[in-house]
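Peer 1: Let me begin by handing over the structure; questions about it come next.
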Amino acid sequence: MILQALNDYYDRKAASPNTAERLPAFGLEEKEIPFILEITHDGQLVQIADTRTMQGKKKIGQRFLAPMGVKKTSGVAANLLWDNAGYVLGIDAKGKPERATEQKAAFRARIEALPPAAKEIAGVRAVLAFLDGIETARLEKEPAWGDILESNPLLTFRLHGETELICQHPDVAAAAAGPDGEEAGAGLCLITGRIGPVERLHTAIKGVWGAQTSGANIVSFNLDAFNSYGKSQGANAPVGKRAAFAYTTALNHLLARDSRQRVQVGDASTVFWAEKQDEFEDLFGNLVRDDPDAGAQAMKALFDAVHSGKYATPEGGTRFYVLGLAPNAARIAIRFWHVATVREMAAAFARHFEDLRVARGPNDPEYLSLSGILKACHRRKSDGTYDIPPNLGGDVMRAVLAGTSYPA
C-alpha cells in the first residue's frame, strides 16, 4: 500500500502541467552538481563553471536533471556522463591511485557502451575527445581546481555556448532509461501488477534524520537469511524497474531539504501527501511544524473549515497519506503509516487541539506543536537536544491521527 501510494503520487507529479512541480521522467533524477566542465566540440576545456550559490553559511550547487545514478557499493561503478571527480578526471582523492585509474576507465567504458546513435551525438564525441586528452596543467589553471581537489564533487559536461548539459540530450536520456543488465529477471511487479523487468537494487532513500548520509533502503535483501525460494536481492519482492524508479523518486522528493511536505516528529521523518492536489497538504504541514505563527494561522483555518462544513463536500473525501520513517542501521524503518480522507484528518486535528485547550498566559503560544509537547515532557540535555524516547514521536502522531489515547 505504501509503495503503491508513492507510485501514484509520482504519476500525479510527473504529469503536472506546472513544469516547476514536475518530477523527473523515468531514467532521470535531480542531482546537485557544483561544477560543469565546459568544452568545445573537439574536447578542449574552455572553463570549469561553478554553479554554487551561498545558502546560509554553505555553498550549494545547482540542481540538474541527469541520468539515473548507479547504486554505489564498495566496487567501481560509474554514472553516465556525470560523477565525482575521481571518476571523471581520475583524481586520486583517497591515496589509492590504482582505484582512481579503475574509476576513470569505468567512466569512459560507460560512455562507450551507449547505443551507436547516442555515441554519435556531438556532445558525447566531445566528452570522449576530452577524456583522451586531459591535461592536469590546464585543469590547475582553473579557479575551481582547489575546491575540486579538496571535496571530490560531482562534475558533468556542457558544450560551450549551450545551456543543456550533454547528459540531458534526449538520446542519452533514452539510453539511460533502457535495459542496463541490472534486472533480477522478469517478474510480476507487486506495485503495478504488470509483468516486466524487475529492479535488482532499489535506489537509496535520502533525507531520513539519523540515517546514513549516503541513503538507506526500504526494500533490501542483502543477506542469505533474508532470501526465499532460492531468490536473491530484488527478486524476493519483485518491483518493476519503472515502479521502483517512481516510488523512490517520489519519496526522495518528499524528503528533500526544501520540501514543504516533511516534518520531524521525534525521531520520525514524516512526509505527507494527498492522492490529488489539495490545499490540506499545506495546512497539515503548518499544523505539525514547530512554527507558532504559521501554526496559529493553520489552526484558525482548520477550525473555520471544519465549522463551515468545507470538508463535507466531495473534495473532503480525497485520500490523505502520512508516513513516518526512522533510521535503522542500513535500512529505514516504518515508524507509522496512516491513511484517511482529508475530512477525517481535519476532524482528528480539530479534536486534538480541542483536547489540548488550556488556560494560557498572554505570551504563551495559542497551541502546543507536537514537538513542543514532546520537549515539554522530557529532559533537555547539555547539547541542547531533548532526551525523547525513539518511539514516542510516532506514538503521539498515531494517537492524534487515529483519535486514540495519548501514550502514557
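Peer 1: Determine if the stretch 10-17 includes at least one residue that is touching a Leu at 6+ places or on another chain (Cβ under 8 Å), surrounded by fewer than 20 Cβ atoms within 10 Å (Cβ to Cβ), among the hydrophobic types (A, V, I, L, M, F, W, C) and not in a strand (DSSP E or B).
Peer 2: Scanning the stretch 10-17 turns up at least one residue that is touching a Leu at 6+ places or on another chain (Cβ under 8 Å), surrounded by fewer than 20 Cβ atoms within 10 Å (Cβ to Cβ), among the hydrophobic types (A, V, I, L, M, F, W, C) and not in a strand (DSSP E or B).
Peer 1: Follow-up. Restricting the stretch 368-394 to residues that are touching a residue at least 40 places away in the same chain (Cβ under 8 Å) and part of a helix (DSSP H, G or I), which is nearest to Phe320 (Cα to Cα)?
Peer 2: Gly394
Peer 1: While we're on this one: From the list Gly56, Gly69, Gly43, which one is out of contact with any Pro (no Cβ under 8 Å at 6 or more places or on another chain) and at pLDDT 95 or above?
Peer 2: Going through Gly56, Gly69, Gly43 in turn, just one is out of contact with any Pro (no Cβ under 8 Å at 6 or more places or on another chain) and at pLDDT 95 or above: Gly43.
Peer 1: Which residues, taken from the stretch 27-70, are buried (at least 19 other Cβ atoms within 10 Å of the Cβ), hydrophobic (A, V, I, L, M, F, W, C) and outside any strand (DSSP E or B)?
Peer 2: Met68
Peer 1: So, of the residues in the stretch 113-134 that are free of Cβ contacts under 8 Å to residues at least 12 places away in the same chain and of a type outside the set (Lys, Arg), which turns out to be surrounded by the most Cβ atoms within 10 Å (Cβ to Cβ)?
Peer 2: Ala113
Peer 1: For Pro365, which of the numbered conditions (1) touching a residue at least 60 places away in the same chain (Cβ under 8 Å); (2) closer than 17 Å to Gln264 by Cα; (3) not aromatic (Phe, Trp, Tyr) fails to hold?
Peer 2: It fails just one condition, (2).
Peer 1: Quickly run through the stretch 72-110 and pick out the residues that are among the β-branched types (Val, Ile, Thr) and in contact with a Leu (Cβ under 8 Å, 6 or more places away or on another chain).
Peer 2: Val88, Ile91
Peer 1: Can we say Val208 is outside any helix (DSSP H, G or I), in contact with a His (Cβ under 7 Å, 6 or more places away or on another chain), over 17 Å from Gly27 (Cβ atoms) and not small (Gly, Ala, Ser)?
Peer 2: Taking the combined requirement at face value, the residue does not satisfy it.
Peer 1: So Leu368 ticks every box in (1) modelled with pLDDT of 80 or more; (2) hydrophobic (A, V, I, L, M, F, W, C); (3) surrounded by 18 or more Cβ atoms within 10 Å (Cβ to Cβ) but one. Which box is left unticked?
Peer 2: The single condition Leu368 does not satisfy is (1).
Peer 1: I've got another one for you. Evaluate the following for Tyr247: is it in the same structural domain as Ile218 (by TED's automatic domain parsing), within 30 Å of Val396 (Cβ to Cβ) and outside any strand (DSSP E or B)?
Peer 2: When the stated conditions are applied, Tyr247 passes them.
Peer 1: Give the residue that is farthest from the chain's Cα centre (by Cα), with candidates limited to residues of the stretch 310-331 that are closer than 18 Å to Leu3 by Cβ and among the basic types (Lys, Arg).
Peer 2: Among those residues, the one meeting the criterion is Arg319.
Peer 1: A further question follows. Scan the stretch 137-154 for residues that are under 29 Å from the mean Cα position of the chain (by Cα) and charged (D, E, K, R) and report the count.
Peer 2: 2
Peer 1: Are any residues in the stretch 211-229 under 19 Å from Ile2 (Cβ atoms), assigned to a loop (DSSP other than H, G, I, E, B) and among the aliphatic types (A, V, I, L, M), and if so, which ones?
Peer 2: Within the stretch 211-229, Ala211, Ile218, Val219 meet the criteria.
Peer 1: Right, here's the next one. Could you tell me which numbered condition Ala20 fails, if it satisfies all but one of (1) outside the structural domain of His169 (by TED's automatic domain parsing); (2) within 21 Å of Arg138 (Cα to Cα); (3) among the aliphatic types (A, V, I, L, M)?
Peer 2: Every condition holds for Ala20 apart from (2).
Peer 1: Among the residues in the stretch 114-125, are any within 30 Å of Ser220 (Cα to Cα) and among the small types (Gly, Ala, Ser)?
Peer 2: No, the stretch 114-125 has no match at all.
Peer 1: Oh, and also: If Asp267 satisfies every condition in (1) closer than 26 Å to Pro365 by Cβ; (2) outside the structural domain of Arg351 (by TED's automatic domain parsing) but one, which is the exception?
Peer 2: Against the list (1) closer than 26 Å to Pro365 by Cβ; (2) outside the structural domain of Arg351 (by TED's automatic domain parsing), Asp267 comes up short only on (2).
The values are calculated or read from the model by the stated rules, or taken from the named source; none is laboratory data. Note that the structure is predicted; figures quoted are calculated from it, not measured. We place every Cβ from the backbone using ideal geometry, glycine too, and count neighbours over all the protein chains shown.
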